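The structure appears right after this line, and notes come after that.
Here, each number is a calculation from the coordinates, and none is a lab measurement. Quantities reported herein were computed from a predicted structural model and do not represent experimental measurements. Cβ coordinates were reconstructed from backbone atoms using ideal geometry, including for glycine residues, and neighbour counts include every protein chain displayed.
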């Protein structure tokens, strides 16, 4: 098992990419803190991990709240004895539309979750990982940061910030043996897909699929496989990398 003896938090793991990552980590031996603001989804993922023989717990926390995030880190330490891996997966988007039609509340929500959330998790996580002698942080960014598309301008900007943060954190935290990497998934079969498409129709799906050289959307397992590698000892010399999981879309 590639993560045996490790403790991991996966934010936003009540569905989508986060669910796939949490379940994969558990299969690979990690004790996983399932986190989401959606209690029903988080509890479902927790139950499925435990039923499959994995070790996990659930912690409801909003990544835009410093108090919630600190409580989540404390939960990991108290319940599982420490924290070795953090996956910043929680994210939101606005529906595909003109940048001028995104109101201030939408803008604030996107930046608060997608960017400020990383501020809160870093502040709470880095001291714990320093005491532990190191760790791994993986940020879920997006191909939107590499090949931005019209209609998602403010979301694109938030994920561009994530990729820059990843590289800056990697350099600053290297002396603490804390590796920081990101993955940039192409749109996948998750609850956010209709948001990216504007309208979830067979025609829109096919039009987008044709922009991916390998001819398909990403899946939670595609993303989980990459995150697993970056979290594992196999990637011990890899930091500051933003890996496209995109079927060639960003080429």
_Residues in the stretch 90-109 that a label on residue 154 would reach, taking backbone N under 12 Å of a point 7 Å out along Cα→Cβ_ = 93-109
*Relative to the first principal axis of the alpha-carbon coordinates of the chain, what is the inclination of helix 117-132, with its axis defined by its Cα atoms, in degrees from 0 to 90 and to the nearest 10?*
30
*Which whole-angstrom value gives the distance between the alpha carbon centres of the stretch 1-56 and the stretch 87-153?*
20
*Debye equation applied to the C-alpha atoms of the stretch 7-242, log10 I(q)/I(0) at 0.17, 0.18 Å⁻¹*: -1.27, -1.41
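Can you order the peptides 178-186, 51-59 by their average number of other Cβ atoms within 10 Å per residue, highest first?
Details: 178-186: 26.2, 51-59: 16.1.
Put in order of decreasing packing, that is 178-186, 51-59.
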_Modelling each spin label as a point 7 Å along the Cα-to-Cβ direction, I'd like the residue 171/residue 107 distance in nm, to one decimal._
2.9
*Length gain on complete extension for the stretch residue 67 to residue 100, per 0.36 nm per residue less the alpha carbon to alpha carbon distance?*
8.6 nm
